[in-house]
Amino acid sequence: MADNLNLEVITPERLALREVVDEVVVPGLNGELGILPDHTPLISQLKTGILSYRQGTVRKQLHVSGGFVEVLSDRVSVLSDVAEKPEEIDIGRAERARERAEKRLASRSEDIDHPRAELKLQRALTRLQLARKGQS
Ligand code: ATP
């Protein structure tokens, strides 16, 4: 029986988070996936969204985008393209990224890489949602 979970979030650039936690919820491709200690082992793909974790009564959140989660009875390992804590998010930069992506998606040009622009928009919107929540 595992009492808690060793949560690690790793990007190509860095170890974004390493914490002992009681519960994790990740944005799986097919919806939110809640993980408690002794969860059945699995590997799932992640989409752009908010990963949340609980330590006792304290809940914290992280922006993640793409990659995978591996779940073992006492371990949750996330390998994601990006990961940011709310306090690491530059709101001005996210606003500018949102505007650029919206302009691209609204343009009629054939040269637009729609999936790429859509991904950038989702990332920017998630960053804004998370960073603004932290401010209120
Ligand atoms: P931009 O066009 O502003 O660079 P982007 O959507 O192209 O945004 P990503 O490819 O999602 O950026 O991320 C590249 C790197 O920059 C990652 O390490 C990511 O964590 C970081 N990053 C991107 N936007 C922000 C932001 N608003 N605040 C903090 N870090 C950011």
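The values are calculated or read from the model by the stated rules, or taken from the named source; none is laboratory data. What you are looking at is a predicted structure, and each value in this text was computed from that prediction instead of being measured. Every residue, glycine as well, gets a Cβ built from its backbone with ideal geometry; the counts of neighbours run over all protein chains shown. Calculation scope for accessible area: heavy atoms of the full protein, side chains included, ligands and nucleic acids excluded. Shrake-Rupley method; radii C 1.70, N 1.55, O 1.52, S 1.80 Å.
Scanning region 79-93 for residues that are near the ligand (Cβ under 6 Å from one of its atoms) and of a type in the set (D, E, K, R) gives GLU84, GLU88, ASP90, ARG93. Cβ-Cβ distances below 7 Å connect the following pairs, each with a first residue in region 67-94 that is farther than 15 Å from ALA124 by Cβ, a second residue that is acidic (Asp, Glu) and surrounded by fewer than 17 Cβ atoms within 10 Å (Cβ to Cβ), and a separation of six or more residues or different chains: GLY67/ASP81; SER73/ASP38; SER77/GLU8; SER77/GLU70; VAL78/GLU8. Scanning region 28-54 for residues that are open to solvent by less than 40 Å² (accessible area, probe 1.4 Å) and in contact with a helix residue (DSSP H, G or I) (Cβ under 9 Å, 6 or more places away or on another chain) yields THR48, GLY49, ILE50.
Restricting attention to region 55-66, the residues that are among the hydroxyl-bearing types (Ser, Thr, Tyr) and either closer than 23 Å to ALA124 by Cβ or surrounded by 14 or more Cβ atoms within 10 Å (Cβ to Cβ) (or both) total 1.
Scanning region 1-20 for residues that are closer than 12 Å to GLN55 by Cα, open to solvent by 40 Å² or more (accessible area, probe 1.4 Å) and assigned to a strand (DSSP E or B) yields ASN6, GLU19, VAL20. Of GLU99, GLU70, all but one fail to be modelled with pLDDT of 95 or more, surrounded by fewer than 18 Cβ atoms within 10 Å (Cβ to Cβ) and assigned to a strand (DSSP E or B); the exception is GLU70.
Quick check on region 100-110. Is at least one of its residues within 15 Å of the ligand (Cβ to nearest atom) and assigned by TED's automatic domain parsing to the domain that holds ASP38? Within region 100-110 (the criterion being within 15 Å of the ligand (Cβ to nearest atom) and assigned by TED's automatic domain parsing to the domain that holds ASP38), the answer is no, since none of the residues qualifies. Just one residue in the set ALA131, ALA117, ALA106 is touching a helix residue (DSSP H, G or I) at 6+ places or on another chain (Cβ under 6 Å) and without any contact (Cβ under 8 Å) to a residue 40 or more places away in the chain; that residue is ALA117. Report whether or not ILE89 is at pLDDT below 95 and touching a Lys or Arg at 6+ places or on another chain (Cβ under 6 Å). When the stated conditions are applied, ILE89 does not pass them. Looking only at residues that are assigned to a strand (DSSP E or B) and not hydroxyl-bearing (Ser, Thr, Tyr) in region 73-96, which one is farthest from the chain's Cα centre (by Cα)? Only one residue tops the list, namely ARG75.
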